[in-house]
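Remarks on the structure that follows.
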Amino acid sequence: MFDASQPARPGVLHIVATPIGNLRDLSQHALDVLKTADIVAAEDTRTTQGLLNVHQIQAGKLTPLHDHNEEIAATRLIEALRSGQSVAYVSDAGTPGISDPGARLVNAVRTAGFEITPIPGPSAVATALSVAGIEGAWLFYGFLPAKPAARRKVLESLVAAPHALVFYEAPHRIEETIDDLYAVLGGERTLLFARELTKKFEQLHACTLADAPGWLAADDNHRRGEFVLVVGAPTTQLDESDVEARRVLEILLEELPLKQAAHLAARLTGARKNALYDLALTLKEEK
Ligand code: SAM
């Protein structure tokens, strides 16, 4: 019979994806590599030890590599590769390098001239997209900034993108992020909440951005766990000048009555006054 087993190779860095919830989502290939690598570097060695225990794997030496020691740990791993050892890297959950440590390690190892190989597997972004029904292009942003002003600025830069948008979010910030998505992207676009994927309380909920804050508020459980947020592409495409007109209008609306703000925004940007007046009405209603 064909033997597909591929143990870890000497002098090679193996980037190994691990489960995002259901621990049985670890591939046979990942098991082969984790069983045979001389060194398993991990974002959190205790988390990884738990995964290894579930799969009854006696791994090689476990060593930490996380956001705060990535450079120093990478230097040590390069020394190990140089001495002919095989190295595997795993983050806490999912695919390393996707909103997780791993990029600096990969860059350092590539610069040092050693081979790198991916062992594919779960990632929350791909898992959510597989059930989102997005047909066109999508843009993965990951975590939005924690500070409201910075978060809104990023969202404003994404308003006109003709793509679906994919974000990661943690439970303690889910409400403010949803409020900002609604305020900046408008109420019409679709949103898929992909919560606790592959776990016991997995939940998929599709709605519009206008309905999203109400759904979150309706049940404490809706705000628990880990989230991927998939926002559908805009149905009507805004061009660059529309985006600028909207930005100017939003600023003026903070200081002026609606009619005056629309009038002034039209003079400043050259956009049609009536269109801006309608937009101002919508923005006021959304507030
Ligand atoms: N490297 C991981 C990957 O490939 O998906 C992502 C790690 S990032 C630190 C953690 C974030 O991913 C969570 O805050 C959440 O937004 C998302 N995530 C991870 N597991 C998830 C799950 N089971 N369900 C929904 N979102 C998840």
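Some observations on this one:
- Cα shape, the stretch 34-128, gyration tensor, a/c 1.5 rule: oblate
- Positive-pole candidate from SER130, LEU81, THR48, dipole of the chain, charges at beta carbon: LEU81
- Straight-distance crosslink candidates among lysines, where the alpha carbon sits under 28 Å from LYS273 and sequence neighbours closer than 8 are dropped: LYS153, LYS259, LYS284, LYS287
- Based on C-alpha pairs under 8 angstrom that are at least 6 apart in sequence, the stretch 87-137 has a relative contact order of 31 percent.
- Computed from phi, the 3J(HN,Hα) profile of the stretch 210-225 under the Karplus parametrisation 6.51, -1.76, 1.60 (θ = phi - 60°) reads 5, 8, 5, x, x, 5, 4, 6, 5, 7, 3, 5, 5, 9, 9, x Hz, with x in place of Gly and Pro.
- Average Cα contact separation per residue, the chain, under 8 Å, 6 or more apart, as relative contact order %: 16
- Helix 240-255 and the long axis of the chain differ in direction by around 70°, with both axes built from C-alpha atoms.
- The chain - share of DSSP beta bridges that are antiparallel (%, nearest 5): 45
- Structure-based [θ]222 nm, the chain - -39500 (n - 2.57) summed over DSSP H runs of at least 4, per residue, nearest 500: -12500 deg cm²/dmol
- Centre separation in Å (Cα based) which lies between the stretch 196-223 and the stretch 161-176: 13
- Relative contact order %, the stretch 125-231, counting alpha carbon pairs below 8 Å whose residues are six or more apart: 31
Quick note: the coordinates plus some simple rules give every number you see, no bench work behind them. Remember, it's a predicted structure, so these values are computed and weren't measured experimentally. Ideal geometry is used to build each Cβ from the backbone, glycine not excepted, and the neighbour counts take in all protein chains shown.
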